[in-house]
Amino acid sequence: MDIPGGLRQPGQTLIFDADDTLWENNKLFEQVIADFIGWLDHPTLDRDAIRAILDDIERADTAVHGYGSAVFLQSLAACFRTLRERPASSEEIAHIEELAVALLEHRIELMPGVADTLTLLGGRHHLMMLTKGAQAEQQAKIDVSGLAPHFRSVHIVREKDEHTYRSLLGERSLDPATTWMIGNSPRSDILPARAVGMRAVHLPNVHTWVLDHADLDPADTGILTLTRFTDLADHF
């Protein structure tokens, strides 16, 4: 798709999602879920049925408590309680936390070519980061990633919805027509950005959280879909 802008229009604002865009994130959660379901070893429900129950619990928990590892562990404990019809014991809670050690230690695996691509883009455009989640947890991941110096500003928010994007545009005096949101999540990166007049780059990730899925309009010329993070340097 040929969208006006890119290298023909330097000095644009590129706002980057963090989790599953700059670095892998949800595949760690998916591994924990797979290990949790296997450990639970429910006598009658298969893995898909258990996952559907957990998704419903996560949907309710994140709506009330936000995002992050602590809320995720709370959802796992609630799933255990629902399926076993009793609370998890202290030993079982400890085991659930052990399954999630990679999350709790904020381990980071950068997407291929991220640092070099950000260096190139930073010489042409204004870069910002916008990530949702628990403040301390997201900041820890940003610190471990070493990517913060690439961005003029970093924003950690509880939710990424139309209000968030509209507020950011006003706070930073950004022109929506020359501001791009770049991320993997249709629900929190692409659709709300488009709703406030920004343009967007969708970087699909096979590990995108199921609750972040949403349909995109293939006829929307304000959305550029790319395969790899490094492809950004060819368009901007």
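Assess whether ILE96 counts as being modelled with pLDDT of 95 or more, assigned to a helix (DSSP H, G or I) and either open to solvent by less than 40 Å² (accessible area, probe 1.4 Å) or touching a Pro at 6+ places or on another chain (Cβ under 9 Å) (or both). Working first, answer last.
Details: modelled with pLDDT of 95 or more: no; assigned to a helix (DSSP H, G or I): yes; either open to solvent by less than 40 Å² (accessible area, probe 1.4 Å) or touching a Pro at 6+ places or on another chain (Cβ under 9 Å) (or both): yes.
No: the conditions fail for ILE96.
Quick check on the range 187-203: of everything there that is in contact with a strand residue (DSSP E or B) (Cβ under 7 Å, 6 or more places away or on another chain) and either open to solvent by less than 10 Å² (accessible area, probe 1.4 Å) or in a loop (DSSP other than H, G, I, E, B) (or both), which residue is farthest from HIS235 (Cα to Cα)?
Only one residue fits best here, namely SER188.
Among the candidates LEU120, LEU127, single out the residue that is open to solvent by less than 30 Å² (accessible area, probe 1.4 Å), modelled with pLDDT of 95 or more and within 30 Å of ARG172 (Cβ to Cβ).
LEU127
Does LEU103 qualify as being surrounded by 13 or more Cβ atoms within 10 Å (Cβ to Cβ) and touching a Leu at 6+ places or on another chain (Cβ under 6 Å)?
On the way: surrounded by 13 or more Cβ atoms within 10 Å (Cβ to Cβ): yes; touching a Leu at 6+ places or on another chain (Cβ under 6 Å): yes.
Criteria met by LEU103.
Scan the range 133-159 residue by residue and report those that are at pLDDT below 95 and either outside any helix (DSSP H, G or I) or under 22 Å from LEU224 (Cβ atoms) (or both).
Those that are at pLDDT below 95 and either outside any helix (DSSP H, G or I) or under 22 Å from LEU224 (Cβ atoms) (or both): GLY133, ALA134, ARG158, GLU159.
Which one of HIS150, HIS163 is open to solvent by less than 70 Å² (accessible area, probe 1.4 Å) and of a type outside the set (Val, Ile, Thr)?
HIS150
Residue-by-condition table, conditions (1) among the β-branched types (Val, Ile, Thr); (2) within 19 Å of the chain's Cα centre (by Cα):
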site: GLY11; (1), (2): no, no
site: ALA18; (1), (2): no, yes
site: ASN25; (1), (2): no, yes
site: ARG59; (1), (2): no, yes
site: VAL64; (1), (2): yes, yes
site: LEU73; (1), (2): no, yes
site: PHE80; (1), (2): no, no
site: GLU85; (1), (2): no, no
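Conditions (1) at positive phi; (2) in contact with a Leu (Cβ under 8 Å, 6 or more places away or on another chain), marked per residue:
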{"position": "ASP143", "(1), (2)": "no, no"}
{"position": "GLY146", "(1), (2)": "yes, no"}
{"position": "ILE156", "(1), (2)": "no, no"}
{"position": "GLU162", "(1), (2)": "no, no"}
{"position": "ASN184", "(1), (2)": "no, yes"}
{"position": "SER188", "(1), (2)": "no, no"}
{"position": "ARG194", "(1), (2)": "no, no"}
{"position": "HIS202", "(1), (2)": "no, yes"}
{"position": "TRP209", "(1), (2)": "no, no"}
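The values are calculated or read from the model by the stated rules, or taken from the named source; none is laboratory data. Note that the coordinates shown come from a computational prediction; the quantities given were computed from them, not determined experimentally. As a convention, Cβ positions derive from the backbone with ideal geometry for all residues, glycine included, and neighbour counts pool all protein chains shown. We work out accessible area using only protein heavy atoms, side chains counted, and drop any ligands, DNA or RNA first. Shrake-Rupley method; radii C 1.70, N 1.55, O 1.52, S 1.80 Å.
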